[in-house]
Structure formats: C-alpha cells, structure tokens
Amino acid sequence: MATRLPGAVTSAADTRVRGLVKDFGERRVLHGIDLDIRRGEFVALLGRSGSGKSTLLRALAGLDRDTEGELTVPDEVAVAFQEPRLVPWKRVLANITLGLRQANPKDAARAALAEVGLTDRADAWPLTLSGGEAQRASLARALVRGPDLLLLDEPFSALDALTRITIHTLVLQLWAEHRPGVLLVTHDVDEALLLADRALVLADGRIARELRIDLPRPRRRDHPEFVALRASLLAELGVNPEGTT
C-alpha cells in the first residue's frame with residue numbers, strides 16, 4: 001500500500017507522488033510514477049485508453065489505496081467525474097450539501113450554485129437537468145468543499161461542442177478565483193492546451209512527455225505556438241494531423 005502523507009508536510013509542492021506503482025493481477029499499470037502539482041497549477045494528463053490516467057487520479061483521490069509508493073496530498077481533495085454522479089432522489093441543493101461538514105452547509109451550497117450559474121435550479125431534480133447543468137452541479141459539489149486539489153476525470157467528454165466551450169470558460173474562471181491545484185484527465189489534446197499550464201503524456205504506465213504551455217489566456221487554436229504544441233502532443237500520442245495512427 002502506498003504511504004499516504006498529509007498535506008501539512010508538503011514543502012515545494014502541495015501534491016507529491018514518488019515511485020507510485022499499481023498492479024492489476026500480473027499486469028503493471030503504473031510503473032513508478034513521479035509527479036508534483038503545485039497549488040494554483042493546472043495540469044492536464046493525456047494518454048491512450050488503458051495508459052493508467054484514471055488509475056493515477058483514483059490513487060490521488062484516495063479511492064484506490066492498493067498501490068505502492070509515496071503520496072503526499074492536501075487535506076482537501078475533490079473529484080468531478082465524467083458522469084456527474086448526482087443522487088437522483090435528492091434535489092440539486094441537497095446533492096451539493098451531501099456529506100458537507102460546515103456550520104451552514106445550505107448557505108455554502110447556494111453560494112457554490114451561484115458561482116456555476118445554477119441558482120434557479122437549486123430545487124430541481126437531477127433528472128431534469130441538461131448535460132451541461134448536471135456538470136455545473138458536479139463542479140459546485142466539488143468546489144463547495146474548498147479543495148486544495150481538484151481532480152477532473154474527463155468531465156467534459158460527454159458534452160456537445162458549444163456546451164463544452166461554455167464549461168471550459170467556467171472552469172477557468174472558477175480556477176482563477178479559488179486557485180486549487182488541478183489535475184485534468186483528458187483524451188482531448190485541444191482541451192489540454194486550452195486549459196492547462198502543463199501537459200503530461202502517460203504511456204505504458206510512465207510519464208513519457210511533459211510540455212509547458214506558456215500561452216496567454218484566453219487561448220486561440222490558430223496561434224502558431226498552439227499549433228506547434230498540438231502537433232507535438234499528437235505525435236507523442238501516435239496520431240498524425242489527419243487523425244490516423
């Protein structure tokens with residue numbers, strides 16, 4: 001089992017991973033991962049299916065403790081998954097307060113819903129929400145806890161293109177306001193380049209490539225450096241510009 005240390009012992013980085021190993025039976029999924037994520041840093045993690053991206057995220061979230069190595073994470077960690085995972089028999093406000101340990105949980109939940117533009121949907125049932133609204137509620141549920149580390153496991157992949165653009169803008173606004181460290185797991189190279197400060201490529205359970213993304217926000221896909229970084233990441237992932245391997 002990986003040694004999991006509290007955030008109070010952190011020095012240079014708020015999240016620190018050293019020598020993380022994960023096996024599924026005889027198959028090794030993570031091969032001694034080393035990773036630092038500083039508070040206020042937005043990191044994107046890319047890789048082909050089965051490369052170990054979600055496995056690493058689950059280890060950081062404390063959802064998978066059957067690992068080896070050392071994990072130092074902040075005390076407050078929140079996760080938003082690909083599916084919003086709202087409890088269908090509780091209204092939206094009750095979903096946000098679920099498990100919340102604060103003096104005035106409903107007030108905190110209403111403030112979080114206001115941040116994501118869902119004030120008027122507080123009393124709605126989850127099944128009446130659109131896909132974009134459900135993901136906004138999922139983000140509110142994560143942010144209401146004031147996390148120092150926010151883990152995003154492909155939360156935008158099921159959204160249509162226009163809704164995704166809106167949610168990207170919202171996520172950047174919320175990140176700029178609260179400044180948690182963020183790890184975004186994604187298959188989308190453009191998404192990584194639009195959002196992150198740093199992009200990592202995971203291949204065969206190892207970090208095969210790291211790219212700094214020193215572009216001003218909001219970012220443009222036609223910016224020459226964006227185009228060059230995109231080509232570099234696609235090449236690392238084994239994809240040519242036409243989308244074939």
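Only the coordinates and a few stated rules stand behind these numbers; no lab work does. As the structure is a computational prediction, the values presented were derived from the model and not from experiment. Positions of Cβ are backbone-derived with ideal geometry, glycine not excepted, and every protein chain shown enters the neighbour counts.
What number of residues in the range 67-113 are assigned to a loop (DSSP other than H, G, I, E, B), surrounded by 14 or more Cβ atoms within 10 Å (Cβ to Cβ) and among the small types (Gly, Ala, Ser)?
Here the count works out to 0.
If you scan the range 114-125, which residues turn out to be touching a Leu at 6+ places or on another chain (Cβ under 8 Å) and either assigned to a helix (DSSP H, G or I) or surrounded by fewer than 22 Cβ atoms within 10 Å (Cβ to Cβ) (or both)?
So in the range 114-125, the residues touching a Leu at 6+ places or on another chain (Cβ under 8 Å) come out as 115-117, 119, 121-123.
Across the range 114-125, the qualifying residues are Glu115, Gly117, Thr119, Arg121, Ala122, Asp123.
Counting just the residues of the range 203-219 that are within 18 Å of the chain's Cα centre (by Cα) and free of Cβ contacts under 8 Å to residues at least 24 places away in the same chain, which one comes out surrounded by the most Cβ atoms within 10 Å (Cβ to Cβ)? So that I can check it myself, show each step before the final result.
Just the residues of the range 203-219 that are within 18 Å of the chain's Cα centre (by Cα), to begin with: 207, 210-213.
From what's left, free of Cβ contacts under 8 Å to residues at least 24 places away in the same chain: 210-213.
Values: Glu210: 11, Leu211: 18, Arg212: 10, Ile213: 21.
Once the filter is applied, the top-ranked residue is Ile213.
So, in the range 126-139, of the ones that are among the aliphatic types (A, V, I, L, M) and closer than 16 Å to Thr166 by Cβ, which residue ends up surrounded by the fewest Cβ atoms within 10 Å (Cβ to Cβ)?
Here is the first cut: in the range 126-139, the residues among the aliphatic types (A, V, I, L, M) are 127, 129, 134, 137, 139.
So of that shortlist, the ones also closer than 16 Å to Thr166 by Cβ come out as 129, 134, 137, 139.
Values: Leu129: 18, Ala134: 23, Ala137: 26, Leu139: 24.
Within the range 126-139, the match that is surrounded by the fewest Cβ atoms within 10 Å (Cβ to Cβ) is Leu129.
Does any residue of the range 51-65 turn out to be among the acidic types (Asp, Glu), in contact with a strand residue (DSSP E or B) (Cβ under 6 Å, 6 or more places away or on another chain) and free of Cβ contacts under 8 Å to residues at least 60 places away in the same chain? So that I can check it myself, show each step before the final result.
If we filter the range 51-65 for residues that are among the acidic types (Asp, Glu), which is where we start, we get 64.
Filter once more, so that each one left must be in contact with a strand residue (DSSP E or B) (Cβ under 6 Å, 6 or more places away or on another chain): none.
Checking the range 51-65: not a single residue is among the acidic types (Asp, Glu), in contact with a strand residue (DSSP E or B) (Cβ under 6 Å, 6 or more places away or on another chain) and free of Cβ contacts under 8 Å to residues at least 60 places away in the same chain.
Please list, ordered by residue number, the helices (runs of 4 or more DSSP H) wholly in the range 126-245 having 2 or more residues that are touching a His at 6+ places or on another chain (Cβ under 8 Å). Walk me through how you get there before you give the answer.
On the way: elements: 131-143, 161-178, 189-195, 224-236.
Correct list: 189-195.
Among the residues of the range 43-66, which ones are touching a helix residue (DSSP H, G or I) at 6+ places or on another chain (Cβ under 7 Å), part of a loop (DSSP other than H, G, I, E, B) and not acidic (Asp, Glu)? Spell out the reasoning first.
Kept after step one, since they are touching a helix residue (DSSP H, G or I) at 6+ places or on another chain (Cβ under 7 Å), are these residues of the range 43-66: 44-47, 64.
The next check asks that each one be part of a loop (DSSP other than H, G, I, E, B); those that pass are 47, 64.
Passing the criteria: only Gly47.
State all residues of the range 177-190 that are more than 22 Å from Glu210 (Cβ to Cβ) and under 15 Å from the mean Cα position of the chain (by Cα); if no residue qualifies, say none. Explain how you work it out, then say what you get.
So in the range 177-190, the residues more than 22 Å from Glu210 (Cβ to Cβ) come out as 177-178.
Residue satisfying the conditions is His178 alone.
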